[in-house]
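First up is the structure itself, then whatever we jot down about it.
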There are 2 protein chains.
Amino acid sequence: MTTAGSAGYGAYRLDGLPARVTIHEVGPRDGLQNEAAIVPVEVKAEFVARLARAGLTRIETTSFVHPKWVPQLADAAELLDRLEPAPGVRYPVLVPNERGLDRALERGVTEIAIFGSATETFARRNLNQGLESQFAMFAPVVERALRHGMKVRAYLSMCFGDPWEGAVPVEQVVRAGVRLLDLGCFELSLGDTIGVGTPGHVAALLDGFAAAGVGPERLAVHFHDTYGQALANTLAALTKGVTVVDASAGGLGGCPYAESATGNLATEDLVWMLDGLGVETGVDLTSLVETSVWLADRLGRPSVSRVVRALGPADAGGSD
Amino acid sequence: MTTAGSAGYGAYRLDGLPARVTIHEVGPRDGLQNEAAIVPVEVKAEFVARLARAGLTRIETTSFVHPKWVPQLADAAELLDRLEPAPGVRYPVLVPNERGLDRALERGVTEIAIFGSATETFARRNLNQGLESQFAMFAPVVERALRHGMKVRAYLSMCFGDPWEGAVPVEQVVRAGVRLLDLGCFELSLGDTIGVGTPGHVAALLDGFAAAGVGPERLAVHFHDTYGQALANTLAALTKGVTVVDASAGGLGGCPYAESATGNLATEDLVWMLDGLGVETGVDLTSLVETSVWLADRLGRPSVSRVVRALGPADAGGSD
């Protein structure tokens, strides 16, 4: 018996969880950016359109990073031109620097994201900046974006561990996160870039932000499933009042610095849990699974999402 | 940087969790029973010995089911003869009926498990009994086992959903579970045989047992990761006071009735979470990962455990 999802087995609320969660879908950007083979722009546009039809309302579509660094996203401007506006759907774009902001402004983008680091080593490797100097780099980007009426989201990476530095103190993460928010960002997404975090760590970090005056209404969580912890960590974050969760359709993506190819929390696995918990997302799981199966066929590789594997056809994306 | 586990990134306790969790390792029985190719008995014995050396103290080794039904476990008696006693390590054996009990008694087994169903359809298909008549079948088995000084564990399957019946009411599960405990079983393991459960459902079921006078100290949880929910569900169970968790090394196994091959909660993924939460298990993750890598090579198939994939060599068990 194939059901449309967990709600077919009953919906059981858990004390203290929010009634509604917004999923920030990162598949087209964070998911596809690590694909070695270039995905045609029309496939990307169709992917975004399908995600919107499945009910996702925040779809991070691409990045105005220099094509030399991420050739997969060299088609950013062309992709944006192909997106059809859908009522209530936001299409944020990652912007690494002032030149990226110029390109976003040229295309009429209304919402961007910046990508900071909680650790010194990753700031140097990924941003070519120090942990401290990154804020000076981001300040004029955010200021100009706000002046043009854009909304700006901030990512903070390596919040739970760093492949070079190991453990990352909660206080260090909170300090960096507060600095990004103070630039004028409306939301801070806390990234477990290498997937090592566990639920108590999530709670401790959210408590640390609360103690610094940053409540869960300004925070999102961004977990990677490298060690299988993403959904348990999400549950811990929801218990602490977080209502925005980053996820990637089909579990696309993964950090090139992590030890395995396993990527972001799969949107389908998240929706399965939230449906069963009676938490509203507005996302139709059947339609989302169909989208990931469709994309897996285009990528020639099966989805890593447990839900997609269980509900999709056995041969989706080729044999495993 | 490869660390020995999540504790390398700090241990962060979560309010209300137990200080210590006992892992009931089911890999050799529940994991291997679904393997199509017969695994040599010496490999199974070595697998069990390695699990014990990794610190697991409850290892369900095999089943005295009729070889016609599970050819993989036809070597049950021979495997038991090969096991070396280890201090503090228990080797329970599944016993489906009176004939199975005879064989267990012949071999000097001191701990058995029986396998009941929470639904009518699965009772008929798996036990050839009705939901009601299964208790009459188990009663003489448990009574005779207790008379011989054995400990008896009870499994209850399909506690969160059934592939034929869909939703399974909490009250129905509690009624069936109480009946099994009342036979004299020391522990009841609540199985999500098809992996559809979500954390609120877990909490509701444990609340249902508590209302019927059965506290978490008599309950264990047994989750399958078919839809990626196993670890989040485990976290919900721990929050409710459960201290015994079933898991399978490398995520071996899976229910043949489920829609995907994804099996039991992987012991490694569980240990990663518990280490990070500062919950004692006595299990050495490095040694356990090595064991699963070793077995994957023998099975010619990579482990499905996220932790094993991340920490093990990239070519373990052949390419994926």
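Things to note:
- Pairwise FRET efficiency - B:Val178 versus A:Arg298, Cβ, R0 = 51 Å, nearest 0.05: 0.50
- A Förster radius of 60 Å combined with the Cβ-Cβ distance from B:Val43 to A:Ser287 puts the calculated FRET efficiency at roughly 0.85.
- Per-pair calculated FRET efficiency, R0 = 60 Å: A:Asp315 and B:Leu146 via Cβ, rounded to 0.05: 0.75
- Sparse-neighbourhood loop sites, GluC sites (Glu not before Pro) in the range B:13-122 - DSSP loop, at most 15 other Cβ within 10 angstrom: B:Glu35
- Dipole magnitude for the protein assembly as shown: computed about the Cα centre from +1 point charges on Lys and Arg Cβ and -1 point charges on Asp and Glu Cβ, it is near 340 debye.
- Take every DSSP beta bridge whose two residues both sit in the range A:188-285; close to 10 percent of them are antiparallel.
- Karplus-based coupling profile of the range A:43-58, in residue order and whole Hz: 5, 4, 4, 5, 4, 4, 4, 5, 4, 5, 5, 6, x, 6, 10, 10, with θ = phi - 60° in 6.51 cos²θ - 1.76 cosθ + 1.60 and x standing for Gly or Pro.
- When chymotrypsin sites (Phe, Trp or Tyr not before Pro) are flagged only if DSSP places them in a loop and at most 14 other Cβ atoms lie within 10 Å, the longest unflagged stretch of chain B comes out as B:187-320.
- Semi-axes of the equivalent ellipsoid for the range A:56-104, Cα gyration tensor, largest first, Å: 20, 11, 9
- Take B:Leu105, push a point 7 Å out from Cα through the beta-carbon direction, and compare it with the same point in every other copy: 8.7 nm, smallest first.
- Reduction of at least 40 Å² in accessible surface, 1.4 Å probe, comparing all protein chains with the chain by itself, residues of the range A:177-203: A:Val196, A:Thr198, A:Pro199, A:Gly200, A:His201
- Cα gyration tensor category, rounded, prolate or oblate, for the range A:1-126 with a/c compared to 1.5: prolate
- Virtual spin-label span in nm between A:Glu78 and B:Leu105, 7 Å along Cα→Cβ: 7.7
- Taken about its Cα centre, the range A:92-215 carries a charge dipole of roughly 380 debye when the Cβ of each Lys and Arg holds +1 and the Cβ of each Asp and Glu holds -1.
- Positive dipole terminus of chain B, leading residue within B:Leu277, B:Gly108, B:Phe209 (C-beta point charges): B:Gly108
- Total lysine pairs whose alpha carbons fall under 28 Å of each other in the protein assembly as shown (8 or more apart, or interchain): 9
- The residues of the protein assembly as shown expose, per residue, 35 Å² of accessible area to a 1.4 Å probe.
- Cα shape, the range A:97-142, gyration tensor, a/c 1.5 rule: prolate
- Burial of 10 Å² or greater, the range A:271-320 residues [accessible area, probe 1.4 Å, versus chain by itself]: A:Trp272, A:Met273, A:Gly276, A:Leu277, A:Val304, A:Arg306, A:Val307, A:Arg309, A:Ala310, A:Leu311, A:Asp320
- The range B:138-227: GluC sites (Glu not before Pro) in DSSP loop, at most 10 other beta carbons within 10 Å: none
- Accessible surface buried upon B-A contact (total; probe 1.4 Å; Å², nearest 100): 3900
- Percent accessible area from carbon and sulfur atoms, the range A:71-113, protein chains only, probe 1.4 Å: 48
- Value in Å of the Kirkwood radius, where the range B:168-320 supplies the Cα pairs that are averaged: 16.2
- Mean residue ellipticity, 222 nm, helices only, the protein assembly as shown: the sum of -39500 (n - 2.57) across DSSP H runs of n ≥ 4, divided by residue count and rounded to 500, is -10500 deg cm²/dmol.
- Threshold 50 Å² - residues in the range B:8-27 whose accessible area is reduced by that much or more when the chain is no longer isolated, probe 1.4 Å: B:Tyr9, B:Tyr12
- All-pairs Cα distance distribution in chain A, expressed in whole percent, bin size 10 Å: 6, 28, 38, 23, 5, 0
- Apportionment of accessible area to carbon and sulfur, the range A:141-230, percent (1.4 Å): 51
- Dimensions (Å) - the protein assembly as shown, Cα atoms, principal axes, largest first: 81, 44, 42
- Extension reserve of the A:Arg20-A:Ala136 stretch, reckoned as 0.36 nm per residue once the Cα distance is removed: 38.2 nm
The values are calculated or read from the model by the stated rules, or taken from the named source; none is laboratory data. Keep in mind that this is a model prediction, so the values were computed, not measured. Note that we place each Cβ from the backbone using ideal geometry, even for glycine, and neighbour counts take in every protein chain shown. Surface accessibility is based on the protein's heavy atoms, side chains included, excluding ligands, DNA and RNA. Shrake-Rupley method; radii C 1.70, N 1.55, O 1.52, S 1.80 Å.
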